Each structure stands twice: as structure tokens, then as C-alpha cells.
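S.K.: Submitted below is the structure of interest, expressed as C-alpha cells.
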Amino acid sequence: MSFQGLDSGQLLLISGAGLVAVAGVAHTAAVGLDHPEIAVGFGALIAVGELARLTMPGNREVAPIGAAAALGYTLLLDLSQNQLDHTALQVVAVIAVGMIAGALPHLAVGRPPRLDAMARRLLTGALLAFAFRPLAGPLYRLTQGPEPTWWPALGVMVALITITLFVDVLIAALLRSEQVRTAFRVAIRDELNMAFPLGAAVAASGVLLALATHSMDLVALLVFAAPLLVTQVAFRKYAGIRATYLQTVRALSRVTEVGGYVEPGHSRRVSRLAVAVGRELGMSEPELLELEYAALMHDIGQLSLRDPIPGGATVLTDPEQARRIAELGAEVIKQTGVLDRVADVVRRQTDCIADEPPLSSRIIKAANGYDDLVGGSTDRDRAGAAMERLRLGSGTEYDPAVISSMARVVDRLALSHKL
């Protein structure tokens, strides 16, 4: 990730992580490592996790194994019932060095990590370390007292990890709301739905890893690394299948362009505009994904036409023909057996507002109408005339809220082209 492509929030996050990392490494170099063999073991597992990082849906870069190892090292109280006194700054140093070591092979082959994602992982780990390590001594003594108990230590671990997870969600939502131009409340909802479950699983693994070292020594690293690696492979396959699925839909959407039924790039432009409008209206990520699928394939019913519509502009054809195209396209999509909701969105894209079609159908209808009138042109006068024509149908043919949101999106796009 080049620094030119970073926004102010990302730069602030990376700068903060850099300062914390430098402070941790400098302090540890000055005072020395407490129990070096343990630090090296956990640092190596963090490096392996960074080496095996993956990108989840929504372009979220995660490193579950590395994150679990960082949590485990942060929460360590003892090893074979011998107290550990490593400081929060040493934890930061081990996490930072491990992450850098795991990123170097990717850099060597031209796959640089996302600096903002790495910085977020480091900062959330540092936050937990500075909150927990000062409490490690008193909690250890409770586990070794006349009536030893682990419940207070476990309660503190769970409470602090929960707070850290929510802080991580807030940071991720702040960054995402700026990057994809969505409302902060929507970004928080998406992060809770998409990223929080994986974070909770990683947190549970980190706690178990810390507790297991009480009796298993460093063997716990190997015991817990294996199932974490299997889980990460499963997540990688899921992400790969989802990416392939989207690529297949995009390729299918180009059939109408190759056949000369619509203008080149029409489906892609309608999809991008529809998703931007959906974000403006506060749609969640799963809804946006369905909207993208439907927008890409909204014109696939034109393949049934004997004579193509001039320019593929369904907005200029009669309503009955447009409705027939939508119904035929929906039938084609329904044959997949897994896109029934997408098929319904495509089928109802020609419905009037009085028929209460789904929001995705209303968005696609407006986005398709706009691109039919404007095409790939960046002429502001042409765009303004197209928006005016759509406004004339607002309230009957088009949803007024969708038209208002689209006007804001079109203005932003015009400004970006001007810049």
C-alpha cells in the first residue's frame, strides 16, 4: 500500500503504531528480554500467522494465527507454574518484530501487506497489553494463594479482551466509513456482523493458549497452532470461493456486451453506481453484495430478444418489453439454484413505486436509467440532463430517496473526474 493512497485516518493509525513499536523495541533492547525462549517462541508463531494472513470478504486483511499468538503472549501469567514478568512494552516489541518478520517474505515476492491492517492489529494488541500486564502479578498470586483460583484471572482476561474487541471494531468502522463512504453506524453494524465473530474465535484461542502454558509449557504453541492453521485454511477456501463466485458473475454479465445487446461497460457502470447509491442509503454488506450481483446481471434477459434494443437502452423501450426482459433474466438467474433473492431483485426492477419493489430493485432501475441516458460519458451537462429526466419520474417510476442519493453520488463522481 503506497502512502499516497492513504487517507488521514490511516496515516494517523500507522503513525501511532509505528511510535508504539519503536518505544517497545527500544525499551526491550535497553533492558533485555525476560525469558527469551518464550518471547522467541511466541514471536515465531506471530510471524507464521502474518506469513499466512488472508483477505476476507470486504477486503479485510486478517491474520488469525498471529493474532491468537499475540493474545496468548499478552495474557501469560506463568510457565510451568513459574511467574512471568514481561512488561507491556516487551509484548509490543515481540508482536512488532514477529509481524515484520512474517511480512518480509511477502515483500520479497511483491505482495506488500496492508499497513493500516497491520497497524490496527499492533495497536489493539498494545492496548490489551498495557491494560493487562500491570495486573498480571496480582492475578498470578491469586492462582498460587492458600486457596488458588483461576476465576478472577479468567474474568479479567475476558473483560479486557471484550473491551479490546469493541475498540478494534470502532477503529475498523472509522476507517471503513471513510474508505467506502458509508455512514459510521452502518460501518459499525457491518464490522460487528462480518469481523466480530472471527475476532471472538481468535480471542478464545488466545485465552486458551495462555491458560494451557500453565501446565503444557511451550508445547502449547504446537498443540494450538495445528487447529488454528486448519481453521485458517478453511477461511482461505471460503474467501477464495466467494471471490471466484463474484468473478463468475462478472464474466456472465459481459455476455450481453459481447453479444452487442448493450453498450460496452454498461453492466459494470450500473453495478458501481448502484452499490454507491446503496451505501449512501445505508445498506449492509450482505445487501450490497446481492445488489452488486443483481446489477451486474440486470440485463441478461436481453439475450432472449430476436432484435436487440438500440444501444440496449431499456429505459427508452416500452414498459411491457422491459418487464418481459426482467422476467426472462430472473428465470435465467434462478436456474443457478442459489440466487433466488437476486433473481427476485432483477424480476422486480421494472415495477412502479406503488407496487413496493425491494430497495435493491428501485436502485437498479434508477442506475440503469441513468447509464442508459449517459453511458460512459463524463459530460456534466449530459449527466445533469439525465438526472433531471429521472427526477421527472420521481414518485411514480422512481423512488425519490434513491434519486436524491444518486444525485449526491453523481455530483461526487463529477467532482472526482474534474480533479
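S.K.: What pairs come out if I take residues in the stretch 211-240 that are over 26 Å from T143 (Cβ atoms) and pair them with residues that are in a helix (DSSP H, G or I) and of a type in the set (V, I, T) whose C-beta lies under 7 Å away, six or more apart or interchain?
M.R.: Once the first residue is over 26 Å from T143 (Cβ atoms) and sits in the stretch 211-240, its partners that are in a helix (DSSP H, G or I) and of a type in the set (V, I, T) give L229/I65; Q232/I65.
S.K.: Right, next: Which of (1) more than 28 Å from G282 (Cβ to Cβ); (2) of a type outside the set (D, E, K, R); (3) in a loop (DSSP other than H, G, I, E, B) is the odd one out, the single condition A385 does not satisfy?
M.R.: The single condition A385 does not satisfy is (3).
S.K.: I need the full set of residues from the stretch 303-341 which are part of a loop (DSSP other than H, G, I, E, B), farther than 22 Å from L392 by Cβ and in contact (Cβ under 8 Å) with a residue 24 or more places away in the chain, in order please.
M.R.: Step one: of the stretch 303-341, the residues part of a loop (DSSP other than H, G, I, E, B) are 305-309, 313, 317-318, 335-339.
Narrowing the set further to residues that are farther than 22 Å from L392 by Cβ leaves 305-308, 335-339.
Once the filter is applied, which keeps residues that are part of a loop (DSSP other than H, G, I, E, B), farther than 22 Å from L392 by Cβ and in contact (Cβ under 8 Å) with a residue 24 or more places away in the chain, the stretch 303-341 yields L305, P308, L339.
S.K.: Answer yes or no as to whether G137 is open to solvent by less than 30 Å² (accessible area, probe 1.4 Å) and either at pLDDT 85 or above or closer than 23 Å to E280 by Cβ (or both).
M.R.: Values: open to solvent by less than 30 Å² (accessible area, probe 1.4 Å): yes; either at pLDDT 85 or above or closer than 23 Å to E280 by Cβ (or both): yes.
Yes: the conditions hold for G137.
S.K.: Could you say whether any residue in the stretch 201-210 is more than 21 Å from A119 (Cα to Cα), over 25 Å from the mean Cα position of the chain (by Cα) and open to solvent by 70 Å² or more (accessible area, probe 1.4 Å)?
M.R.: yes
For every residue, the table says whether it meets (1) more than 32 Å from the chain's Cα centre (by Cα); (2) at pLDDT 85 or above; (3) open to solvent by 10 Å² or more (accessible area, probe 1.4 Å).
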site: V270; (1), (2), (3): no, yes, no
site: S284; (1), (2), (3): no, yes, yes
site: L288; (1), (2), (3): no, yes, yes
site: P310; (1), (2), (3): yes, no, yes
site: V315; (1), (2), (3): yes, no, yes
site: R323; (1), (2), (3): yes, yes, yes
site: A326; (1), (2), (3): no, yes, no
site: I333; (1), (2), (3): no, yes, no
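S.K.: Can you tell me which residue is surrounded by the fewest Cβ atoms within 10 Å (Cβ to Cβ) among those in the stretch 218-242 that are charged (D, E, K, R) and out of contact with any strand residue (DSSP E or B) (no Cβ under 8 Å at 6 or more places or on another chain)? Write out each step before concluding.
M.R.: Kept after step one, since they are charged (D, E, K, R), are these residues of the stretch 218-242: 236-237, 242.
Right, trim to out of contact with any strand residue (DSSP E or B) (no Cβ under 8 Å at 6 or more places or on another chain) and you get 237, 242.
On the way: K237: 11, R242: 13.
Among residues in the stretch 218-242 that are charged (D, E, K, R) and out of contact with any strand residue (DSSP E or B) (no Cβ under 8 Å at 6 or more places or on another chain), the one surrounded by the fewest Cβ atoms within 10 Å (Cβ to Cβ) is K237.
S.K.: Related question: So L390 clears everything in (1) over 27 Å from Y245 (Cβ atoms); (2) open to solvent by 10 Å² or more (accessible area, probe 1.4 Å); (3) in contact (Cβ under 8 Å) with a residue 24 or more places away in the chain except one condition, right? Which one?
M.R.: Just one mismatch for L390, condition (2).
S.K.: Here's another thing I want to ask about it. Give the stretch 243-254 a look and list any residue that's open to solvent by 60 Å² or more (accessible area, probe 1.4 Å) and touching a residue at least 12 places away in the same chain (Cβ under 8 Å), or say none.
M.R.: R250, L252, R254
S.K.: Still on this structure, please answer the following. Hey, among D318, D340, D344, D299, which residue is under 15 Å from A367 (Cβ atoms) and not basic (K, R)?
M.R.: Details: D318 fails: under 15 Å from A367 (Cβ atoms); D340 fails: under 15 Å from A367 (Cβ atoms); D344 fails: under 15 Å from A367 (Cβ atoms).
Answer to the check: D299.
The values are calculated or read from the model by the stated rules, or taken from the named source; none is laboratory data. Quick caveat, the model's predicted, so the values are computed rather than measured. Counting neighbours? That spans all protein chains shown, and the Cβs are built from the backbone with ideal geometry, glycine included. We work out accessible area using only protein heavy atoms, side chains counted, and drop any ligands, DNA or RNA first. Shrake-Rupley method; radii C 1.70, N 1.55, O 1.52, S 1.80 Å.
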